[in-house]
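Reviewing the structure listed below.
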Amino acid sequence: MLAPVLASAAAATAAVAAGYQSMAPTGQLFGRTFTGLPRGTMQLALTYDDGPNDPHTLRLLEVLAKHGVHATFFLIGRYVHQRPDIVREVVKAGHVVGNHTFTHPLLTFKSAAELRLELSSCRAALEDAIGTHSNLFRPPFGGRRPAVLRIVRKLDLVPVMWNVTGYDWEAPPASVIEQKVTKQMRGGDVILLHDGGHKQMGADRSQTVIATDHLITRYKQAGYAFVTIPQMMQKNSVALSS
């Protein structure tokens, strides 16, 4: 009786671990993803998901321009179709844009055909709006499994996760966002924030804009440099082709 019980317990443990790895931002069990640089590196990368969003993406661009900082934006294809003008402003300001799928589904439950459609439709929307863009990709909700990452790489996309998050998707006060971020920062971090919301255009991201202003001021004064994801990868010769 003991052996079946132990086997069942081991299977349950493995299932829990697999479930965790499919969503954990820094988990590498299902395949390599970029999550930042070694602890203590004096570089930080601000990344924003779920845009373009009217009006908060444009307000965020104003804050970033004030500080002379460039960021990386992972955009939802259906919003790109709605507001290509905002996407063009993002690129004009020197920021990097990446693929965040067309409709923002949880990819762990999507078929290979559905996944390819999500990625290719977002890519097409970005190409229509701005032409050539980065090959960076971020899975919605962080959800992935080995098959997801295999298809992502077959489409010549590079998966990018994060190791710091502001937990700003429910629009808490800026002070809460700042507190969440600062508690996690160790240097060499990829910071996840949101300039939009996956449910609809017009999500209130005013507090994220304020928090961004304060975070840049704080960490620039501490000697950190803010870079885009490609700059972070290039400077440190990061390869994610395997």
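The values are calculated or read from the model by the stated rules, or taken from the named source; none is laboratory data. These numbers were taken from a predicted model, which means no experiment stands behind them. Note that each Cβ is placed from the backbone with ideal geometry, even for glycine, and that neighbours are counted across all protein chains shown. The accessibility values were calculated without ligands, DNA or RNA, using every heavy atom of the protein model including side chains. Shrake-Rupley method; radii C 1.70, N 1.55, O 1.52, S 1.80 Å.
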Open item on the list: With n ≥ 4 as the cut-off for DSSP H runs, can you work out [θ] at 222 nm for the chain, using -39500 (n - 2.57) per run divided by the number of residues, rounded to the nearest 500?
Closed with: -14500 deg cm²/dmol
Open item on the list: With angles folded into 0 to 90 degrees, how steeply does helix 112-130 sit against the dominant principal axis of the chain? Use alpha carbons for both and round to 10.
Closed with: 10
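If you place +1 on the Cβ of every Lys and Arg and -1 on the Cβ of every Asp and Glu, how big does the dipole about the Cα centre of the chain come out, in debye to the nearest 20? Please list the in-between numbers first.
Working: 25 positive and 18 negative charges, 138 e Å.
Roughly 660 debye, rounded to the nearest 20.
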Open item on the list: Angle check, please: helix 174-184 long axis (alpha carbons) against the longest principal axis of the chain (alpha carbons), in degrees 0 to 90, nearest 10.
Closed with: 50
- [ ] Compare Lys66, Lys180, Lys220 in a GNM of the chain, Cα atoms joined below 10 Å, and give the one with the largest fluctuation.
- [x] Lys66
Task: Helix 206-221 vs. the chain, principal-axis angle (Cα, 0 to 90°, nearest 10) - done: 80
Open item on the list: Which of Ala174, Ala203, Ala65 ends up with the largest GNM mean-square fluctuation for the chain, with Cα atoms connected below 10 Å?
Closed with: Ala65
- [ ] Go ahead and set up a Gaussian network model of the chain, Cα springs under 10 Å, then flag whichever of Gly68, Gly98, Gly77 fluctuates most.
- [x] Gly68
Task: Protein-only accessible surface order, largest first, of His100, His214 at 1.4 Å - done: His214, His100
Open item on the list: Please compare each pair in Lys110/Lys199; Lys66/Lys92; Lys154/Lys183; Lys110/Lys180; Lys66/Lys199 to a cut-off of 25 Å on the Cα-Cα distance and tell me which ones are over it.
Closed with: Lys154/Lys183; Lys110/Lys180; Lys66/Lys199
TODO: Would you please classify the overall shape of segment 136-242 from the alpha carbon gyration tensor, given that a ≥ b ≥ c denote the square roots of the eigenvalues, rounded means a/c under 1.5, and beyond that prolate means a/b larger than b/c while oblate covers the rest?
DONE: oblate
Task: Apportionment of accessible area to carbon and sulfur, the chain, percent (1.4 Å) - done: 56
